[in-house]
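What follows is one structure encoded as structure tokens, with my remarks underneath.
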Amino acid sequence: MSPLRRRVPTWSELRPLVRVEPPTLARNAAALRRAQTIEDLRVLARRRTPRAVFDYVDGAAEGELSLARSRRAFADVEFRPRVLRDVRDVHPGVELLGVTSPVPLVLAPTGFTRMMHTQGEWAVARAAAAAGVPYTLSTMGTVSVEDLAADVPDVQRWFQLYLWQDREASAALIRRAAAAGYGTLVLTVDTAVAGQRLRDVRNGLTIPPALTARTLGGMALHPRWWADLLTSQPIEFASLRSSGGTVADLVDRMFDPGVTTDDLAWLRQEWPGRIVVKGVQHPQDAAELVALGMDGLVLSNHGGRQLDRAVAPLDLLPEVRDAVGPDVPLLLDGGVLHGGDIVAAGARGADAVMVGRAYLYGLMAGGEAGVARSLEILISQVHRTLRLLGVSRLEELGPDHVPPARHTRDVLDAEPFAAP
């Protein structure tokens, strides 16, 4: 056999292989197009926002074990696909609690959203409306219930409530939300006191961000973020009379640690629509809440931001489904960063999931366009995962597609995100 003979390729041979993107001034849009995962958006977000702001979104309570467990639970999922199924058309859309969504997804409530990007809740709501995904406005939001409803009237909107010590103020707020057309009230019940979020403590984060020696130094690293902040309308809580200090200070000052199931009867009288309870972490609590007439439940450890060492919602899901039966709308919140996570939750018994960090990374990375990109990524991943599982409809999902994990986790080895 003759040895390989080298030659110089001609330009006509090389030209079809050249894929050089032309220079563009729209660098942000190009970077978002290149993002293929939520982790890609997280990397962009970390570059573009000050450390204290990024850590507020990225971090969790104390040793961040609850957050690690939530992510590890999804990482331990083993899919069992079926083959030779017709998956030319998949139908992952859902209808629950008065809303519809192209995939089993509702955008979770997040506080102080305009700190991440000055477009804040407006950007999130516009992207959600464009994608057809419901959005939940937070009590601790930076846009009022009336302004969001007026500015983004076509978004399917829920309102999230923390019960305050001042009950008349709580009642007035939910009356405003009902008048503005919010169809479902999401009552968060896992904040008797604020969790100890050590990243925020160490970063000296206050609400709103203070111009300290540390933050002034950070201006040199993120001048565009600071210029945007300082030249926009002041960031403040739209529904709270009291602000200032840390988030923990605000929670401990305003939220009511004495809330019990007795308060649900009062809430039912005040709120004319559906009530969903968020923060359920025990099957017995779930059964009691259903018996009290709650319309739906969200299994959530608050993204790991409250009680550390809490159970991973995905692990808890089958027990709660057994406790409440097949007909109660059951959502899962915590650790969802991939469309495959959404599918896995559905196979374990959830009707839908809520995501917070996933879209906030997009918001920090690129405002409304970044949120839209995060939704594009998640929706495409859901479609791809279903097809590769051999499933065309959500009703076909079941435990045989996602059996229980076969090994014991060492949560101390779980690192859900890169070190800050």
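Pull out a ≥ b ≥ c, the square roots of the eigenvalues of the alpha-carbon gyration tensor of the chain, then state rounded if a/c is under 1.5, prolate if not and a/b is larger than b/c, and oblate in the remaining case.
Oblate is the answer for the chain, as a/c is 1.5 or above yet b/c matches or exceeds a/b.
Could you derive backbone 3J(HN,Hα) for the stretch 111-126 from the dihedral phi with the Karplus parameters 6.51, -1.76 and 1.60 (θ = phi - 60°), listing whole Hz in sequence and x where the residue is Gly or Pro?
After applying 6.51 cos²θ - 1.76 cosθ + 1.60, I find x, 6, 5, 6, 5, 6, 7, 5, 6, x, 4, 4, 4, 5, 5, 5 Hz.
Using the Cα gyration tensor of the stretch 313-396, with a ≥ b ≥ c the square roots of its eigenvalues, what is the shape: rounded (a/c below 1.5), prolate (a/b larger than b/c) or oblate (neither)?
Cα axes put the stretch 313-396 in the oblate bin.
Any chance you could check the Cα centroid distance between the stretch 175-197 and the stretch 338-403 for me, in angstrom?
Their Cα centres are 24 Å away from one another.
How much net charge surrounds VAL133 when only the other residues with a Cβ under 15 Å from the Cβ of VAL133 are counted, with Lys and Arg +1 and Asp and Glu -1?
Net charge in that neighbourhood comes out at -4.
Gaussian network model of the chain, Cα springs within a sub-10 Å range: biggest mean-square fluctuation belongs to which of THR260, THR49, THR118?
THR260
Hand me the trypsin sites (Lys or Arg not before Pro) from the stretch 33-124 located in a DSSP loop with no more than 10 other Cβ atoms within 10 Å, in residue order please.
ARG88
Peptides 174-180, 375-381, 298-304, 323-329: what's the order by average Cβ count within 10 Å, highest mean first?
298-304, 375-381, 174-180, 323-329
Can you work out ³J(HN,Hα) from phi for every residue in the stretch 291-304, in order, using Karplus 6.51 cos²θ - 1.76 cosθ + 1.60 and θ = phi - 60°, giving whole Hz and x for Gly and Pro?
4, 7, x, 5, 7, x, 9, 10, 6, 7, 9, 6, x, x
Quick query: amide H of MET294 versus all other amide H atoms, modeled in the peptide plane; which residues come in under 5 Å with a sequence gap of 5 or more or a different chain?
Amide H neighbours of MET294, under 5 Å, 5+ apart: none.
If packing is taken as the average number of other Cβ atoms within 10 Å across a peptide's residues, how do 341-349, 142-150 rank, most packed first?
341-349, 142-150
Going by the alpha-carbon gyration tensor, a ≥ b ≥ c the square roots of its eigenvalues, is the stretch 269-420 rounded (a/c under 1.5) or, if a/c is not under 1.5, prolate (a/b greater than b/c) versus oblate?
Rounded.
With springs only between Cα atoms under 10 Å, which of ASP190, ASP400, ASP55 fluctuates most in a Gaussian network model of the chain?
Answer for the Gaussian network model of the chain: ASP400.
Given Cα pairs under 8 Å that are at least 6 residues apart, what percent is the relative contact order of the chain?
It comes to 28 percent, rounded to a whole number.
From the phi of every residue in the stretch 335-350, what ³J(HN,Hα) in whole Hz does the Karplus formula 6.51 cos²θ - 1.76 cosθ + 1.60 yield, where θ is phi - 60° and glycine or proline is x?
My calculation for the stretch 335-350 gives x, 7, 10, 8, x, x, 5, 5, 5, 4, 4, x, 5, 7, x, 7 Hz in order.
Measure off, as a whole percent, the carbon and sulfur share of the 1.4 Å-probe accessible area of the chain, all protein chains present.
53 percent
For ARG274, list long-range residues whose amide hydrogen, built 1.01 Å from N in the peptide plane, is under 5 Å from its own amide hydrogen.
Under 5 Å from the amide H of ARG274 lie the amide H atoms of LEU185, each far enough along the sequence or on another chain.
With a probe of 1.4 Å, find how much accessible area the chain has per residue, and write the answer as a whole number in Å².
Solvent-accessible surface per residue comes out at 47 Å².
Out of residues 5 or more away from VAL94 or on other chains, whose amide H comes under 5 Å of its own, with H placed 1.01 Å from N in the peptide plane?
SER101, VAL103
How much length is gained if the chain between ARG387 and ARG202 is pulled fully straight, taking 0.36 nm per residue apart and subtracting their Cα-Cα distance, in nm to one decimal?
Fully extending the segment from ARG387 to ARG202 adds 62.1 nm.
The values are calculated or read from the model by the stated rules, or taken from the named source; none is laboratory data. The shown structure was predicted, so the numbers you read here are calculated from the model rather than taken from an experiment. Glycine gets a Cβ as well: all are built from the backbone with ideal geometry, and neighbour counts include every protein chain shown. For accessibility, only protein heavy atoms count, side chains too; no ligands or nucleic acids. Shrake-Rupley method; radii C 1.70, N 1.55, O 1.52, S 1.80 Å.
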